[in-house]
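The values are calculated or read from the model by the stated rules, or taken from the named source; none is laboratory data. Just so it is clear, the model here is predicted, and its values are computed rather than measured. Glycine gets a Cβ as well: all are built from the backbone with ideal geometry, and neighbour counts include every protein chain shown.
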Amino acid sequence: MMRTVEVIFVIAILLTTFTITTQFAVLPSPRQTFGTNLRELSYSTLKTLDTQGILSETVFEDSFDPEWGDLQKALSASLPPNIVYNLSVYDLSTNTEGIVTYQLENSISDASFGADSDAASFLVTSPDVTFTQNPQKVGENTEQDITLYILNCDDARGWWITGYTGQSLALDLHRLLSPYFTNTVLVNSTTELKLLLDGNLLPEGVESVNDGVILNTFGEAVPIPEDYCEDGSLEDEGYDDSGSGTYAKYFHTLGSLTRQYNWTWVSIVGYPFYYVTNTGRFQLEQNNFGMFGMEDVQQAGINAFLQGLNSESYNYDPDKVAFEVGQVQLTSGPNEALELCDYYGIYPAPYQTSSRALHQSIIGKYNLDRYAMVFDVENGRIAGATYKHQDGNGAFTAIGLTRIPDIRITALALLMYYRPTVYRSEFGASGTSRLVTLQLGQQGGT
């Protein structure tokens, strides 16, 4: 008898607890538990209509325009039959103090709502508006007059630029980079290159070649004016007539001039300063791979250039300083390559192959500081970066990738180094953008 009473007592306690709990518990609505997520449905519907061009073609029209009827049909066709909607369009305007105001322009709906509804908003840009970007010119923030010189010599040939010519790459790089420079000069022959090396190739209004960027589009080969060749008037500055018999001395001169004029010399692909090229002077010479019009200098070229940049006397040095590393990846930290791809709108493949990466030992040996790392360091080897001399005079950008050249990497490397600001047009002018809000409700069971 006692056990029966205990069981009845326990049942009474459980029933009382359940009754109290159900009285005070806040339960989700049936729609939240089992039904459609109205906010997600609203946003996805707006996005789909915008992708199809229906929103942008309609929401800027007058309320009596027949396109509103087409939008209403498209909206009804996009939603389940038990969903009702109200679509409202607001014009955005910004006053002189930067305060944004919203003015209702039109609304369409197919039914009234109960208490249970949800909404999402979407910003639509007028199809008649062109948004532009105006990059700051390189050197503006430091009050430098920096000219971009692109080697486009018609009497030179390239190597390690398979599928391209130096001249075609020059035109492509001109289109890509000229918006960032006040002056861009195509150096169209080795004769014009001689003028540049003498400090006399000046665009109108520019007083000096100082601080310029010299972009070599010929890959592992570098154009050489005939004056610097053997028996030329400047042979002593171009040709080593000792036992080595090499044009490494020309690259030493280029390094010295890079220091003197505070240039940034850019090598777009491969092993820098590996060949000299002049189709008039080297008609019968070739680079051991059947490419006539050039002569090989090999590893001594980059070493001679860095000697000149470091204000050292010329010394023939054939030691290898560039090596294969295989796959390399764009740097991914804050303000590094991947992030700046978005900022400048330049999108090379994030993974590249490098067979000519410079060893980081050159940094200490030649008193360099490393800037603008395009790729992560692999085994002490650097596939892409800019090296600036520690005394502040002269810099060298080296992209040690495997052919074929990707000029987007070159452009990215330069922009990472100079960091010009990009000024973009903004939303806010009256009539250029409208806010569309789509409120949805569910009929039945809510």
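Worth pointing out:
- Looking across the stretch 357-386, the residues that are within 15 Å of Arg408 (Cα to Cα) and outside any loop (DSSP other than H, G, I, E, B) come down to Phe375, Gly384, Ala385.
Table: residues versus (1) within 20 Å of Val325 (Cβ to Cβ); (2) of a type in the set (A, V, I, L, M).
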{"residue": "Ile363", "(1), (2)": "yes, yes"}
{"residue": "Asn379", "(1), (2)": "yes, no"}
{"residue": "Asn393", "(1), (2)": "no, no"}
{"residue": "Gln442", "(1), (2)": "no, no"}
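- Taking the criterion of being over 17 Å from Val436 (Cα atoms) and modelled with pLDDT of 85 or more, the only residue of the stretch 28-64 that qualifies is Phe64.
- Test: residue in the stretch 292-309 that is surrounded by 16 or more Cβ atoms within 10 Å (Cβ to Cβ), over 24 Å from Gln167 (Cα atoms) and acidic (Asp, Glu): no
- Each residue in the stretch 154-184 was checked for being closer than 18 Å to Leu202 by Cβ and surrounded by 21 or more Cβ atoms within 10 Å (Cβ to Cβ), and 1 of them qualify.
- Candidate set: the stretch 45-95, residues that are charged (D, E, K, R) and outside any helix (DSSP H, G or I); chosen: the one surrounded by the fewest Cβ atoms within 10 Å (Cβ to Cβ): Asp62
- Of the strands (runs of 3 or more DSSP E) contained entirely in the stretch 98-196, those carrying at least 1 residues that are modelled with pLDDT under 95, farther than 30 Å from Phe251 by Cβ and within 28 Å of the chain's Cα centre (by Cα) fall at 117-125, 133-135.
- Unmet requirement for Gly245, which otherwise passes all of (1) of a type outside the set (Lys, Arg); (2) within 21 Å of Asn278 (Cβ to Cβ); (3) at pLDDT 95 or above: (3)
- Condition broken by Val138, with the remaining ones in (1) surrounded by 11 or more Cβ atoms within 10 Å (Cβ to Cβ); (2) out of contact with any Phe, Trp or Tyr (no Cβ under 6 Å at 6 or more places or on another chain) satisfied: (2)
- Within the stretch 236-246, being buried (at least 16 other Cβ atoms within 10 Å of the Cβ) and either closer than 13 Å to Arg281 by Cα or among the hydroxyl-bearing types (Ser, Thr, Tyr) (or both) holds for Tyr239, Thr246.
- A Cβ distance below 7 Å, combined with a sequence gap of six or more or placement on separate chains, defines the contacts here; from the stretch 105-127, residues that are without any contact (Cβ under 8 Å) to a residue 40 or more places away in the chain reach residues that are loosely packed, with under 15 Cβ neighbours inside 10 Å in the pairs Asp110/Ser76.
- Flag not set for Asn288, criterion: modelled with pLDDT under 95, exposed (fewer than 13 other Cβ atoms within 10 Å of the Cβ) and either within 21 Å of Lys388 (Cβ to Cβ) or in contact with a Ser or Thr (Cβ under 7 Å, 6 or more places away or on another chain) (or both).
- Evaluating Ser78 against the criteria (1) closer than 17 Å to Arg39 by Cα; (2) of a type in the set (S, T, N, Q); (3) touching a residue at least 40 places away in the same chain (Cβ under 8 Å) leaves one unmet condition, (3).
- Selection status of Asp342, at pLDDT 95 or above and among the acidic types (Asp, Glu): no
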